[in-house]
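Report on the structure given below.
The values are calculated or read from the model by the stated rules, or taken from the named source; none is laboratory data. What you are looking at is a predicted structure, and each value in this text was computed from that prediction instead of being measured. Cβ placement follows ideal geometry from the backbone for every residue including glycine, while neighbour counts extend to all protein chains displayed. Only protein heavy atoms, including side chains, enter the accessible area calculation; ligands, DNA and RNA are left aside. Shrake-Rupley method; radii C 1.70, N 1.55, O 1.52, S 1.80 Å.
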Amino acid sequence: MEQIIGKLVRDFEDGHVNRRQLVQNLALFFSVAMGESANAQTPAGLPAGAKDSPFRTIGIDHISYQVKDYRVTRDFYAELMGMEVKNDNGKTQCELYFGESMLLARNRQQRNPEAAAAAPTAAPAPAATAGPQAGARQAPTSLVDHIAYRIYNWDTDQVREELMRRKLLDEATKPDTGGGIAGYSSFHVRDPDGFNLQISGLAGPKDSVSKKK
């Protein structure tokens, strides 16, 4: 615990984060490390008035990602994003860990055309009921259009240079600072499967993004 707190303080002293970001990071750390009682102050991300909800979401358990070749995806996210590869079966899938979360990269499931042809014709759909039925499967009407990963010890120029070196950005690309969070900075790139990957972080007071404001 002391090592983590010391690192956060050094980041502040070195100008990587401002005072407000230091306080936010310390508050988040103590919230996770020490836990909170039922009567504690509403934690960040929990809407006011939601204390009676049956569940309390504390983070992402995993993201299931079906791709053309999981090995290409594995190498991309491990090399660029620093994710830790675990449980790689060498054939179809692996797990990529970051923080307390995991990206499950697996080969896209192929539909068997012979089985599909032999399947009986579906019966007409029943009339719509007043509300959704538990466990009912419906055709998706929405999609996940991008995933944003937060990078520790963010430096906008260094991130841009690395992404340009990997030919994921061109020189005209400017950082996206529209996250609504003080000091927020990010870039959008395409991963090997064409997915919109957002790489983000909090810009410290010495960051080029902060200096322009």
message: Looking only at residues that are under 27 Å from residue 66 (Cα atoms) and assigned to a loop (DSSP other than H, G, I, E, B) in the range 149-184, which one is least open to solvent (accessible area, probe 1.4 Å)?
response: 169
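Against the condition loosely packed, with under 12 Cβ neighbours inside 10 Å and of a type in the set (Asp, Glu), how does residue 79 come out, does it pass? I'd like the intermediate steps shown before the answer.
On the way: loosely packed, with under 12 Cβ neighbours inside 10 Å: yes; of a type in the set (Asp, Glu): yes.
Yes.
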- request: Filter the range 152-191 for residues that are closer than 20 Å to residue 211 by Cα and of a type in the set (A, V, I, L, M, F, W, C) and give the result.
  value: 154, 159, 172, 181, 182, 187
message: Just the residues that are open to solvent by less than 50 Å² (accessible area, probe 1.4 Å), under 12 Å from residue 148 (Cα atoms) and not in a loop (DSSP other than H, G, I, E, B), please, taken from the range 185-213.
response: 185, 186, 187, 189, 196, 197, 198, 199, 200, 201
message: For the range 167-200, give me the residue count where each residue is in contact (Cβ under 8 Å) with a residue 24 or more places away in the chain and in contact with a helix residue (DSSP H, G or I) (Cβ under 7 Å, 6 or more places away or on another chain).
response: 11
- request: May I ask you to list the residues in the range 65-76 that are open to solvent by less than 60 Å² (accessible area, probe 1.4 Å) and either free of Cβ contacts under 8 Å to residues at least 24 places away in the same chain or not aliphatic (A, V, I, L, M) (or both)?
  value: 65, 69, 70, 73, 74, 76
